[in-house]
Amino acid sequence: MKQVVFRGALLLSLAVAFVTLGALLYTVLRDGWGQLDHTLISGVNSSDPHNAGARPAILATIYMGVLLLAFVVPIGVGTAIYLEEYANKERWYNRLLEVNILNLAAVPSIVYGILGLAFLVRGLDLGRVLLAGAMILTLLVLPTVIIASREALRAVPNSIRQGAYALGATRWQVVWRQVLPAALPGLATGSILALSRALGETAPLIMIGALTYVAFDPTLLGPFTALPVQIYDWISQSDSEYTLRAAGGIIVLLAILLVLNSVAIVVRNRYQKRW
């Protein structure tokens, strides 16, 4: 009887989640599908909701995505390789590093925004620029990438390592030529899913000073906005036409995230067939 009740509670929770998600998607598609036009994609923000576009926000989101991949993947995967393949688990500083990574993964995003404002924008005098936004989002998702990468490395059968060692390979050769190719599906999936989360964050970018009105294309060391911030600005307007424009922006952001997730699925399936 307890198993039946527990199973029913799980199914009910799953149904509530899917119904809520379906209702949100239906509302966004209903309101925003008609807003998908050339002006939204290629125009700049305007005081007239019918002429308001999101090109600067879309470009900044893409630029930050590229910078995130350049920052997160080498640091996150490198740290995971060190902890799983090289680190002595009995050393106190390695245990301290693991505990801190797990704790940082649970820190709210607004705390990273405060850190970025105090340390990057003001402490290093970097300013309220796109590079600062990319760096703070890197700190936000880095613990998640490290944890996902460690799990991918752990999933590689130990027999692959032992076979390579038996043939005379060095530790680096084992990691580079055997472990990493076998773990690549998990590494790619974890990195791209973390990137998808970062591109949807709003609070850290608002904290470090992302603008809500930008009528020019972003640069690396210049003022910027992002698609989530632009959507937040449109929703906060009193004119209901901006709310419809925000729904169109949400569809564009969902399309970007779906493309990233599709790439993760393709990479995972491709390399799973090889291994």
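The values are calculated or read from the model by the stated rules, or taken from the named source; none is laboratory data. The structure presented is a predicted model; accordingly, all values stated were derived computationally and were not measured. FYI the Cβ positions are ideal-geometry reconstructions off the backbone, even for glycines, and counts take in every protein chain you see. The protein model used for the area step is the full one, side chains on, heavy atoms only, and it has no ligands, DNA or RNA in it. Shrake-Rupley method; radii C 1.70, N 1.55, O 1.52, S 1.80 Å.
Remarks
- Rolling a 1.4 Å probe over the protein heavy atoms leaves residue 138 with an accessible area of roughly 10 Å².
- For segment 92-191, convex hull volume per residue from C-alpha positions, Å³: 139 Å³
- Span-like helix ranges in the chain, DSSP H, alpha carbon extent 27 angstrom or more, Kyte mean at least 0.5: 2-32, 55-81, 130-154, 180-199, 240-274
- Calculated mean residue ellipticity at 222 nm for the chain: -23000 deg cm²/dmol, from DSSP H runs with n ≥ 4 weighted as -39500 (n - 2.57), summed, divided by the residue count and rounded to 500.
- When Rg and Dmax are taken over the Cα atoms of segment 1-159, they come to 22.0, 64 Å.
- Mean sequence separation of contacting Cα pairs (under 8 Å, at least six apart), scaled by the length of the chain, corresponds to a relative contact order of 29 percent.
- Once the Cβ-Cβ distance of residue 171 and residue 70 is raised to the sixth power relative to R0 = 25 Å, the FRET efficiency obtained is 0.40.
- The H on the amide N of residue 45, modeled in the peptide plane, is under 5 Å from the matching H of 53, 214, each at least 5 residues off or on a different chain.
- Annotation for segment 41-139: trypsin sites (Lys or Arg not before Pro) lying in DSSP loop with at most 10 further Cβ atoms inside 10 Å of their Cβ are 89, 91.
- Taking max minus min of the alpha-carbon positions on each principal axis, segment 127-275 gives extents of 69, 32, 22 Å, largest first.
- List 66, 72, 263, 44, ordered by accessible area with a 1.4 Å probe, largest first: 66, 263, 44, 72
- Between the entries (1) 38, 25, 19; (2) 31, 24, 17; (3) 32, 20, 18, the label attached to semi-axes √(5λ) of the Cα gyration tensor in Å calculated for this structure is (1).
- Mean accessible surface per residue for the chain, computed with a 1.4 Å probe while every protein chain stays in place, in Å²: 55 Å²
- On segment 1-66, 72 percent of the accessible area sits on carbon and sulfur atoms, based on a 1.4 Å probe.
- Relative contact order (%) - criterion: Cα under 8 Å, at least six apart; region: segment 107-244: 35 percent
- With only Cα atoms counted, segment 147-191 has Rg and Dmax values of 10.6, 32 Å.
- Percent RCO, i.e. relative contact order, over segment 55-183, from Cα pairs under 8 Å lying at least 6 residues apart: 34 percent
- Cα Rg over Rh - segment 1-54, Kirkwood: 1.41
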